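First the structure, in the form of structure tokens, and then the observations on it.
The values are calculated or read from the model by the stated rules, or taken from the named source; none is laboratory data. Because the structure is a prediction, the values reported are computed rather than measured. Neighbour counts run over all protein chains shown; Cβ positions are idealised from the backbone, glycine included. Areas reflect the complete protein model, heavy atoms only, side chains present, ligands, DNA and RNA absent. Shrake-Rupley method; radii C 1.70, N 1.55, O 1.52, S 1.80 Å.
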Amino acid sequence: MSWLRSFASGLRALFRKEQVDRELDEELSGFLEMASEEKVKGGMDHQGALREVRLERGSLGVTKEVVGTSGWESFVLSLWQDLRFAGRTLRKNPGFATVVILTMALGVGANTGIFTVVNAVVLKPLPYPDSDRLLTLWERSRSDGLDSTVAPSNFYDWRAQNRSFAKMAAIDPYPDFILNGTGEAQRLSGADVTGDFFSLLGTRMGLGRDFLAEEDRPGQNHVVILSYGTWQRYFSGRPDILRQAVTLNGAAYSVVGVLPRDFSFVSKAADYQARNQFDLFRPMALPVPPPEWMRGTHPLCVLARMRPGVTLQQAQADLAGIAANLERLYPNQDKEKGIAAVPLGQHVVADVRGALLTLLAAVGLLLLITSANIANLVLTRATARGQEIALRAALGASLARISRQLMTESLVLTAAGGLLGLLLVYASVPALVRHLPPDLPRKAEIAVDGRVLIFTGVVALAAGFLFGLTPIFHARGSLRLGGRGVAGGRSRLRSSLVVGQVAMALVLLAGAGLMAKSLWRLLEVPPGFRTEHVLTARLSLPPQYTNGFKFGTGMHRAISAFQRRLLDRVRAIPGVQSAAFAAYLPLSGVDNSWSFEIEGRPPKPPGESDEVNYRPVGPGYFETMSIPVSRGRGFTAADNEDGPLVIAINESMARTFWGAADPIGQRVSFSEDKWRTIVGIVGDVHHQGLDLKAAPEMYLPYAQAPNVEARPTIVLRTSVDPLNIAIPLQKVVAEIDRTVPIDRVATMQDLVTNSAEQPRFRTAVILTFSLLALFVASIGLYGVMSQVVSQRTQEFGIRMALGATRGGVLLSVIGQAAKLIGIGIALGLTGAALLSQTIARLLYGVAPLDGVTFAGVTALLVIVGLAAVYVPARRAAKCDPMWSLRYE
């Protein structure tokens, strides 16, 4: 604690500062009088000159040691003097200080804002205890390396046979629940989980308890745990909810627990059919052991927690042994299947990590550009302070003392700019979160925390240190060379800073140009249907429509009857041209696939069967969505549960499995001993994403689907604004059956637009930063050329006196600027080429080294740069030769 006592004594020494000041005043009075004479020569009255020099006395470097003071005390006194003098100096130059602080706030704020997102999404540990031991497990095909969800029987065997995991749990994200008894029927997003799901995550209930082991058994699972939001939204946060029964899907359930407010099931929305949060959870209640048919269906996502001391490599080796054993025991289902173990944190951010780090690198370049611009401003100011620095050196200040004072001024500016940048981030983070892509994982966790504060401090100090070196470099040169030869070095330093700004601005512009062109190409991709004037809405059918259903027997007639009644009423709504039903809407994030066989071809070995995307749709769907039928026909009302089994396929499936042959009339089967005749070929639709190639797909009449689809989406083509039909649609549904909830009401254009949300966001961010960088670089170029014109005023006067034209002077200045711009562009193109290879996987339909983009951004930079230097060049050309020759 000795250092603390010394520091405290240093603070006490501040109270003796008046005495120190008086002693210094007596000792330096003679020097100050001499210094004031220099001011008088410049036209200032004697008393005013003396007062100004006395104000500068605090950092002259001739401090007097106080008897009995320690090193800490001297340090505190010197620091206090430096800070006071820095404050006085900056108050005398408010314009300079304001520009530097705002520029600093721009660079630091942009970096901190993006880092806040990167920190929450990529860097922070998952919000679970010992989250580094959490894994997500997948079935992996050895033939193509693709991962897929897990069969219940496989999960049961994995859990029983492993030696590496303390717990292993599973979640089935598909169940939905219709809540009755709280007013209008509401659809709740649910999930079935194994009983140890929350204990594996280390989550404690905010209210009530976790599931019991006996509740995770068939027939015993009529209990649920609510999310905090569901508890508040639908049950008004009543604490007696644990003693109440709730009606879900027409059955009574007991609420045994409520999750804490801050609970978040961290996941990728793509893993859970476009949902990454759930309203409630129910025990999965798997039969023990699961029946054999459960080895052929794959609905589960599996999580595992490694035992302490077990490494990922050991766990993967353990799983490889289990996979080999299952392949031997069940060759029909598990042939060529391995088990992939991926750290949960790594899996969650796999799709966004590269894009976010690219954005962070982009704002890092922006910070370097702003720092270079500030360095130019500081260097210009240091030139104006040359006499002051020389005077201080003449009065005894050492180079180290002067350097420390100059660095103190830089750090004061840094602190102010960093604090302002942080305040801007605090104010802008809520708006930033609202504009982030909706499927960005961990979006709710984005906030300014301790790690963000440390990052802001480090970035601000680093930037302040970088631009603070500039006046020190100038001071060293001035003092060592007596002012001779420094101008050339100063000019070279300014030019180097401008070249760096131009180069970095070009790198950012090239990246933004490539991403903008990629986004434009992506949005220009025909989705395979007409998006305008189409309204979509999802319905959730209650259990009375599916009671008595058995897998594989076909769709319940009650669902078909409901759809027919609803379509008849909806088509009568004014402004509705056509309407139809579909199970999986394009670009909705919801999908399904089935394996199939083609009649007359030998069946493939187990594990190698063909699989394509599967689309149940109703009559009129192709017409409503304007999906072209290239051969054969679409579906009609005759393609019902009593009609012949038929399907339609898309052009990709026709090419892939039939080549040049005509598939119309051919038959396929879904391993159900029922052959379905192909009656039509329709155009390809980009179902999974505009940036993904259309995959082979088959369409089935809704009434002939081999399994019940109780969450149909209705699509309507209208002659008016589609959203004007939303309320009439809801009224019609309520009139037919008030127990059917309707949600996800949106236009098809909105769905297509939202599907490109991530590329649109990163393009907007990097484009904004690149334009800011261009603006800052142009200001830097303008400042340098203004200084050049000022330094060459006499030269221009001599030239013009000897016959040089104004145009020649103008071209001379512009030529000097063009040289700097050209060098910056050459360096920038090299950096842009490297950046383009880094972001290549983020681009769609654009080559990383796209010549048109590179030429366009280069031309833009040249135009802006030359426009920035035109004003000082014009000023040089308009100089009066006689005035220029007298200029000093």
When (1) in contact with a Leu (Cβ under 9 Å, 6 or more places away or on another chain); (2) within 24 Å of F235 (Cβ to Cβ); (3) buried (at least 21 other Cβ atoms within 10 Å of the Cβ) are applied to P152, the one that fails is (2)
Inside the stretch 204-227, can you point out the residues that are within 31 Å of the chain's Cα centre (by Cα) and crowded, with 20+ Cβ neighbours inside 10 Å?
L226, S227
Residue satisfying condition, being at negative phi and either open to solvent by less than 30 Å² (accessible area, probe 1.4 Å) or touching a Cys at 6+ places or on another chain (Cβ under 7 Å) (or both), within set V288, V352, V310:
V352
Name the residues in the stretch 185-202 that are open to solvent by 20 Å² or more (accessible area, probe 1.4 Å) and part of a loop (DSSP other than H, G, I, E, B), would you?
D196, G202
Here the residues within the stretch 673-688 that are surrounded by fewer than 20 Cβ atoms within 10 Å (Cβ to Cβ) and either outside any strand (DSSP E or B) or touching a Leu at 6+ places or on another chain (Cβ under 6 Å) (or both) are D673, K674, G683, Q688
Considering the stretch 694-733, residues that are modelled with pLDDT under 90 and not in a loop (DSSP other than H, G, I, E, B), and then whichever is nearest to the chain's Cα centre (by Cα), we arrive at Y702
In the stretch 492-539, how many residues are part of a helix (DSSP H, G or I), among the small types (G, A, S) and either over 27 Å from the mean Cα position of the chain (by Cα) or not assigned by TED's automatic domain parsing to the domain that holds V864 (or both)?
3
Tell me which residues, restricted to the stretch 747-778, are touching a Pro at 6+ places or on another chain (Cβ under 9 Å) and of a type in the set (G, A, S).
S755
The listed residue being hydroxyl-bearing (S, T, Y), modelled with pLDDT of 80 or more, outside the structural domain of L645 (by TED's automatic domain parsing) and open to solvent by 50 Å² or more (accessible area, probe 1.4 Å), out of T763, T768
T768
Quick one: is L413 closer than 12 Å to A105 by Cβ, surrounded by 15 or more Cβ atoms within 10 Å (Cβ to Cβ), of a type outside the set (D, E, K, R) and at pLDDT 70 or above?
yes
If I filter the stretch 328-336 for residues that are within 30 Å of A213 (Cβ to Cβ), among the aromatic types (F, W, Y) and at pLDDT 85 or above, do I get at least one hit?
yes
Under 26 Å from A431 (Cβ atoms) and open to solvent by 20 Å² or more (accessible area, probe 1.4 Å): which single residue out of D743, D750, D737 fits that description?
D750
Pick from the stretch 856-873, criterion of a type in the set (G, A, S), at pLDDT 80 or above and open to solvent by less than 60 Å² (accessible area, probe 1.4 Å), ranking: farthest from L508 (Cα to Cα)
A868
Where in the stretch 595-672 are there strands (runs of 3 or more DSSP E), lying fully within it, with 3 or more residues that are modelled with pLDDT of 85 or more and of a type outside the set (D, E, K, R)?
610-617, 629-632, 646-650
When both residues are 6+ apart or on different chains and their Cβ atoms are under 7 Å apart, which pairs have a first residue that lies in the stretch 565-583 and is more than 16 Å from A734 (Cα to Cα) and part of a strand (DSSP E or B), and a second that is open to solvent by 30 Å² or more (accessible area, probe 1.4 Å) and small (G, A, S)?
Q577/S719
Which one is least open to solvent (accessible area, probe 1.4 Å), of the residues in the stretch 228-241 that are in contact with a Leu (Cβ under 8 Å, 6 or more places away or on another chain) and without any contact (Cβ under 8 Å) to a residue 40 or more places away in the chain?
I241
Please verify whether V486 is at pLDDT 80 or above and open to solvent by 10 Å² or more (accessible area, probe 1.4 Å), treating the condition exactly as stated.
no
Collect the residues in the stretch 273-315 that are of a type in the set (G, A, S) and without any contact (Cβ under 8 Å) to a residue 40 or more places away in the chain, keeping them in residue-number order.
G309
Selected residue [open to solvent by 70 Å² or more (accessible area, probe 1.4 Å) and touching a residue at least 12 places away in the same chain (Cβ under 8 Å)] from K167, K92, K124
K167
State all residues of the stretch 804-841 that are open to solvent by 60 Å² or more (accessible area, probe 1.4 Å) and either at pLDDT 75 or above or part of a loop (DSSP other than H, G, I, E, B) (or both); if no residue qualifies, say none.
T805, L811, Q816, K819, I823, L827, L829, T830, L834, Q837, T838, R841
Considering the stretch 673-689 alone, what residues qualify as being of a type in the set (S, T, N, Q) and at pLDDT below 90?
Q688
